[in-house]
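One structure below.
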Amino acid sequence: MSFDAKVYKVLIASPGDVGKEREAIAEVIARWNAVNAENQKVVLMPCGWETHSAPLLGGRAQGVINEQVVHGCDMLVGVFWTRLGSPTGVSESGTVEEIEWFIQNQRPVMLYFSSQQVDISSLDVDQLSSLRAFQKKMQKIGLTGSYRDINDFKEQLSSQISINVNRLLNNQPIPQPSEQLAKDKAASIKKIMKEGRVYMEDYEKDGQVKSFLVKGDTKEVKEQLKGLGGRWNKSLRGWIFPKSKELEVAEFLKKNA
C-alpha cells in the first residue's frame with residue numbers, strides 16, 4: 001500500500017579506490033528503507049555522479065556535478081582508503097570539494113577511513129600523503145569513523161545513519177566544526193599496509209598512535225630499515241618508526257617489495 005513520505009537524498013562521496021564501499025552504502029540505504037521507511041515516513045535516496053549527472057559542456061566537470069547532484073542532497077557519506085582523488089581547480093579533489101560544501105552549508109557529513117590491507121606495489125605515495133593530511137584535518141574538526149573490512153563498514157553505517165536522519169527530521173542545525181570536537185575523534189587506523197613478506201601497521205600505546213611497525217621477513221632489508229631510523233623491538237617483533245617516517249618508509253618498501 002502506498003504512503004506519503006519525506007525523501008532525503010544521500011550523496012555517496014569517494015575517490016575511485018573504494019568501489020565496493022560505494023555499493024555497500026547503497027545496500028545499507030536499501031535495507032534502512034525496507035525496515036524504517038513506512039513507519040518513519042522517510043525514504044533515503046542514494047545519489048552519486050555516476051547515476052545522477054549528465055554530460056554538459058561549459059564549465060568545470062566538478063562544478064557541473066555540484067549543480068546537478070551535490071547541491072540537491074541532504075546528507076553525505078564519504079569513504080576513503082589509500083587515495084584522496086584528483087584536484088578540481090577549486091579543491092584538493094572532487095570528493096573533498098563536496099565535503100567542504102556540505103560542511104559550509106551545515107548539512108550532515110559522515111566520513112569513514114578504511115584500515116584494510118593494501119598492496120604496497122600499487123600504492124601511490126603522493127596520494128597517501130594527501131589523504132593522511134586531509135584525515136588529520138577532519139579529525140580535528142569532528143568525529144570520523146574507521147573500519148576493518150566491508151562487513152564492519154556496513155554494520156557501522158547501518159547503526160549510525162539513523163542518527164543523522166533524526167537530525168534532519170528534527171531540523172537540527174549542524175554547527176560549524178571547531179577544534180574542541182577533536183576530543184571525539186575516532187581511533188586511528190589500526191593497520192595501514194599488510195601485504196606480502198614485509199608490511200606496516202600502526203602501533204597504539206596509551207590510546208594513541210604515534211608510531212608504526214615494519215613486520216614480517218625483514219632480514220634482507222634490516223640494514224636499510226636501521227638506516228631509515230628504525231629500531232628493532234624484540235617483544236613486538238618488528239622495526240618501530242615514528243609516524244613522521246611513514247611515507248618515507250612506505251616508499252622504500254614499495255620500491256623493494
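Numbers at a glance
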quantity: Distance (nanometres) between label positions extended 7 Å along Cα→Cβ at Gln106 and Lys205; calculated: 4.4 nm
quantity: P(r) of region 198-255 over all Cα-Cα pairs, binned every 10 Å from zero, in whole percent; calculated: 24, 61, 14, 0
quantity: Global size of the chain as Cα Rg and Dmax, reported in angstrom; calculated: 20.4, 71
quantity: Among Leu84, Ser115, Leu131 - extreme Cα towards positive end, dipole of region 76-132, charges at beta-carbon; calculated: Ser115
quantity: Rg/Rg_ref, region 118-170, where Rg_ref = 2.2 N^0.38 Å and atoms are Cα; calculated: 1.51
quantity: Relative contact order of the chain, pairs being alpha-carbon contacts under 8 Å that are 6 or more residues apart, as %; calculated: 16 percent
quantity: Magnitude of the charge dipole, the chain, Cβ model with Lys/Arg +1 and Asp/Glu -1, debye to 20; calculated: 980 debye
quantity: Residue pairs, from the table Lys154/Lys243; Lys140/Lys254; Lys215/Lys243, whose Cα atoms sit over 22 Å apart; calculated: Lys154/Lys243; Lys140/Lys254
quantity: Ranked packing of 205-217, 240-252, most packed first, by mean Cβ within 10 Å; calculated: 240-252, 205-217
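We did not get these values from a lab; they are worked out from the coordinates using the rules stated. Just so we're clear, the structure is a prediction, and the values are computed from it rather than from any experiment. All Cβ positions, even for glycine, are placed from backbone atoms using ideal geometry, and neighbour counts span all protein chains on display.
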